[in-house]
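Okay, so here's the structure we're looking at.
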Amino acid sequence: MNDNDLNPLVQLRERLAAKPTEVGELPDWLGLAARAAVLGDRASLDDQAPEFFTEFKVDQDIKSWVLDRAKEGVWDFEHAQGEFLAYALIDAQDWHFLTCLEPAPRWLTPLVASIIRGWGASSRGVALDVEAVQIVEAYRDKYRIDEELLLPFVAAPLSQQEEIMFKRLANHLREMRQQRSEEPLVESSQVVRMAADKDLPPQTMRWRSPEMGFYCDADLIHTENRVVLTFMHIDGSHANLLQGLTGKLASFPFDVDERGSVSIGGDVAALPLRVTMNPALEIGLNRWHLIQDPE
Amino acid sequence: MKVNEATIVEAATPLRFANFDRLISHAIKHALIQWQSERWRTIIPIPSETCAAARQDWMLGHLDTENIRQVVLGYQQLCSESVVALCEKSEGHVHLLRCQQPDNLTELKHADIGDRHVLEQIIYAWEIHRRLFLIASMFVRKDKPVPYLLRTGYRPSDRLDLGRFRAKARAWVQCATEFRMFRMLVDHGK
């Protein structure tokens, strides 16, 4: 055994050398190629993947093919448990890398990228058990990929028990803050519905959400058929948002710009909004706290 | 027993989960009661009325009922029969070994893996007709194996065709060897 045997990229190259022999093997091969690409070796992804797409006739309708893979992955999130759940999460993370590459692969259209992002984002409500957490941690620790490229459940996997403890603490903090406040509370869905109302003129409303010891303000602007939410810390600095979510995001495409603004399309009214402030903390903003009337 | 001395042990007797809590947790999550129970009713050897009644019990928060007991035991029986049948036919499964690991990975470079002690032999199986993924494991205590225990039985999406189902099973076995550091003992899946 030599040092190369333990080099993750060398191991990946060896596995990528075993080319897919049928279309069913292509998704897993492509995930490995994406993993190798974020580790610095894009050869498989850029040179070989397009050839396989042609060979297996995937390039005739790549969007449908990717959508089927995303549905397969979301199914696993909802049904699998233990180590199978961990493997499903690793699949999603590998595909998510495709959306992080600069430049993006030529075949990765914005629509296909948004499907892949939706796949990763739909893992948000998944309850991990201890077994799944251990495997996801092993994956994260082995490859040591830049944390910014990791989905939250890989960057900081939490078991269901840890999450329950975390949420209890969050609820406790929220109740303490609400007790100190006299302003009325509104549901996040009301906020989003107001912002989505085309009859209202473009406006900015300022809300504050006390949860998990964080405060952030949200500016809501509706432009055409989309809602744009910009989250800021109470000190005026932009919140470091990695993802903005509305319920099952797979059917609600969203974009996050470099400032952390979340742009949501589709029928977003009446959906609970959830926001990730950093990889370690996912915050369910179920109730928003009005601190200032619409200007 | 060291890795070099390990022999293939097939699952031959009816298997069960390690305890009832683990069984019920997997049975509930894996589609029996909580999700898409219709898919399982057709393959679990109990009347569909019992499944429906168990689902009702579960929705009311009652887990300690005869209906639920029958459903989860049916799930266990299905998983057990599938693993044993695949072992008998020597198809659709692999045997992996979990062995003692060094405290740090630098030792791993120089150590001979064949000299490590085997802690567990694990079967990863995939049953094509019912589209089932299964895991069973057998601990090795004082060089003597103890009976296999079921770890899980999972049905992936119905939308997977046969080729994708097989490839997914293979990919997840690969994940097990990579992230759980299992060693392949024999491949009965080819």
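Every number here is computed from the coordinates shown, using simple stated rules; none is lab data. No experiment lies behind these values; they were computed from the predicted model shown. When we count neighbours, we look across all protein chains shown, and the Cβ atoms used for this are built from the backbone with ideal geometry, even at glycine.
Select from segment A:97-130 the residues that are surrounded by 17 or more Cβ atoms within 10 Å (Cβ to Cβ), closer than 16 Å to A:G31 by Cα and touching a Phe, Trp or Tyr at 6+ places or on another chain (Cβ under 7 Å) and write down the one among them that is nearest to the other protein chains (Cβ to nearest Cβ).
If we take residues in segment A:97-130 being surrounded by 17 or more Cβ atoms within 10 Å (Cβ to Cβ), closer than 16 Å to A:G31 by Cα and touching a Phe, Trp or Tyr at 6+ places or on another chain (Cβ under 7 Å), then A:W119 is nearest to the other protein chains (Cβ to nearest Cβ).
Hey, among A:E72, A:E78, which residue is in contact with a Lys or Arg (Cβ under 7 Å, 6 or more places away or on another chain), in a helix (DSSP H, G or I) and at the interface with another protein chain (Cβ under 7 Å from one of its Cβ atoms)?
That would be A:E72, the only listed residue that is in contact with a Lys or Arg (Cβ under 7 Å, 6 or more places away or on another chain), in a helix (DSSP H, G or I) and at the interface with another protein chain (Cβ under 7 Å from one of its Cβ atoms).
Return yes or no: is A:T54 within 14 Å of chain B (Cβ to nearest Cβ), surrounded by fewer than 18 Cβ atoms within 10 Å (Cβ to Cβ) and β-branched (V, I, T)?
Against the criterion (within 14 Å of chain B (Cβ to nearest Cβ), surrounded by fewer than 18 Cβ atoms within 10 Å (Cβ to Cβ) and β-branched (V, I, T)), A:T54 does not qualify.
Could you look through segment A:131-145, keep only residues that are within 10 Å of A:G82 (Cα to Cα) and more than 10 Å from chain B (Cβ to nearest Cβ), and pick out the one that is surrounded by the fewest Cβ atoms within 10 Å (Cβ to Cβ)?
Among them, the one singled out is A:V133.
So if I check each of B:V83, B:V71, which one is over 23 Å from B:F165 (Cβ atoms) and part of a helix (DSSP H, G or I)?
Answer to the selection: B:V71.
Going through segment B:52-104 one residue at a time, which ones are of a type in the set (D, E, K, R) and within 30 Å of B:V186 (Cβ to Cβ)?
B:E81, B:E88, B:K89, B:E91, B:R98, B:D103
Here is a list: B:V94, B:V84. Which entry is crowded, with 17+ Cβ neighbours inside 10 Å, under 19 Å from B:T152 (Cα atoms) and in contact with a His (Cβ under 7 Å, 6 or more places away or on another chain)?
Answer to the check: B:V94.
Scanning for something in contact (Cβ under 8 Å) with a residue 24 or more places away in the chain, part of a helix (DSSP H, G or I) and in contact with a Pro (Cβ under 7 Å, 6 or more places away or on another chain), does segment A:98-110 turn up at least one residue?
So far as segment A:98-110 goes, yes, one or more of its residues are in contact (Cβ under 8 Å) with a residue 24 or more places away in the chain, part of a helix (DSSP H, G or I) and in contact with a Pro (Cβ under 7 Å, 6 or more places away or on another chain).
Would you confirm, using the coordinates I've provided, whether A:I62 is closer than 30 Å to B:K29 by Cβ and more than 14 Å from chain B (Cβ to nearest Cβ)?
Considered against the rule, which asks whether it is closer than 30 Å to B:K29 by Cβ and more than 14 Å from chain B (Cβ to nearest Cβ), A:I62 comes out as no.
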